[in-house]
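The values are calculated or read from the model by the stated rules, or taken from the named source; none is laboratory data. Owing to the predicted nature of the structure, the values given are computational and were not obtained by experimental measurement. Positions of Cβ are generated from backbone atoms using ideal geometry, with glycine treated the same way; all protein chains shown enter the neighbour counts. Surface accessibility is based on the protein's heavy atoms, side chains included, excluding ligands, DNA and RNA. Shrake-Rupley method; radii C 1.70, N 1.55, O 1.52, S 1.80 Å.
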Amino acid sequence: IEIVLACISIFLIWFARMDISLIELGKAVVLGVVEGVTEFLPISSTGHLIVVGDWIGFGGPMAATFEIFIQLGAILSVVWLYRQKIFDFSEGWLRFWMKIFVSFLPAAVIGFFFHSYIKSHFFTSETVALALIGGGIVMLGIEYFLKKKDVVMDAERVSFTQALWIGIAQILALVPGVSRSGATIMGGMLKGLDRKTAAEFSFFLAIPTMFAATLYDLWKSRDVLFVSGGVQDILVFAIGFLVAFVSAIVAIKTFMKFISTHSFKGFAWYRIVFGVVLLFLL
């Protein structure tokens, strides 16, 4: 946290000496908060970024590159929060990450081959609205009708079969509005994980998934990066990155405390209401 605050101070001093639009910086902060808060909640960060980006007029090639940086900030928050488990090379560590890899593969393969098609055909506000509503209905159904038998209450006890099914569920999240965390958490609950364990496994699965997606998007956007507007764009990216990092830490901690005593019904109804309102506005 001290390092983050120091970086913020440096950027504020830098900003004071430069002629940069406050409006663009404000948009960076707004989208950074949206990414950080929604990335690990079952309400679709991509869907919210598309909708909010349209509303505030933040679009174009540089906007797509900016989203890569704020997603990187969000995923690094998970690395920071779970650093002890990630770098705890004790017995069972390798086996656990093999399960994460098995869970990572299905969406990675499908995403690699259909990435361009999905981006060009499904990244619209209409798709987001329908996916939000559909996902909310499914979430309510799971919460109301799922009969729990033998519940797994430790992410390290997830079996390879359960990990594979969670990975298959993650394929649905390639469609914006579905929510990567929502699909994997619900997939985990359907295969016998309790809420907290499903959420924690989803966070660990996010590390290779989001890093792979970020690296792939960076490679696809390399031409845009090389023709950026200079230090102004770099500062906008950096502020969005820091805001997403800090807000994601707060969101994850709050989320884990919340689901310790609450179900996902509130998130489901939020998705449905937001999706209906969005369709009405469209």
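Quick look at the numbers
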item: Environment charge at Thr261 (Cβ cut-off 11 Å; Lys +1, Arg +1, Asp -1, Glu -1); result: +3
item: Rough spin-label spacing in nm, given labels placed 7 Å along Cα→Cβ, for Leu282 and Phe114; result: 1.8 nm
item: Rounded if a/c under 1.5, otherwise prolate or oblate - region 156-220, Cα gyration tensor axes; result: prolate
item: Accessible surface of Lys119 - all protein chains present, 1.4 Å probe, nearest 10 Å²; result: 90 Å²
item: The chain: relative contact order as a whole-number percent, Cα under 8 Å and 6+ apart; result: 38 percent
item: Distance (nanometres) between label positions extended 7 Å along Cα→Cβ at Glu91 and Val79; result: 3.0 nm
item: Pair Phe101, Phe258: separation of 7 Å Cα→Cβ label points (nm); result: 3.5 nm
item: Average accessible surface area per residue within region 159-282, 1.4 Å rolling probe, Å²; result: 44 Å²
item: Normalised alpha carbon radius of gyration of the chain [divisor 2.2 N^0.38 Å]; result: 1.00
item: Of the DSSP H helices in the chain, those whose Cα atoms cover at least 20 Å axially and whose Kyte score averages 0.5 or more; result: 2-16, 22-38, 61-81, 93-122, 125-145, 231-259, 265-281
item: Carbon/sulfur fraction of accessible area - the chain, other protein chains in place, 1.4 Å, %; result: 70 percent
item: Relative contact order for region 96-225, counting Cα pairs under 8 Å that sit 6 or more residues apart, in percent; result: 33 percent
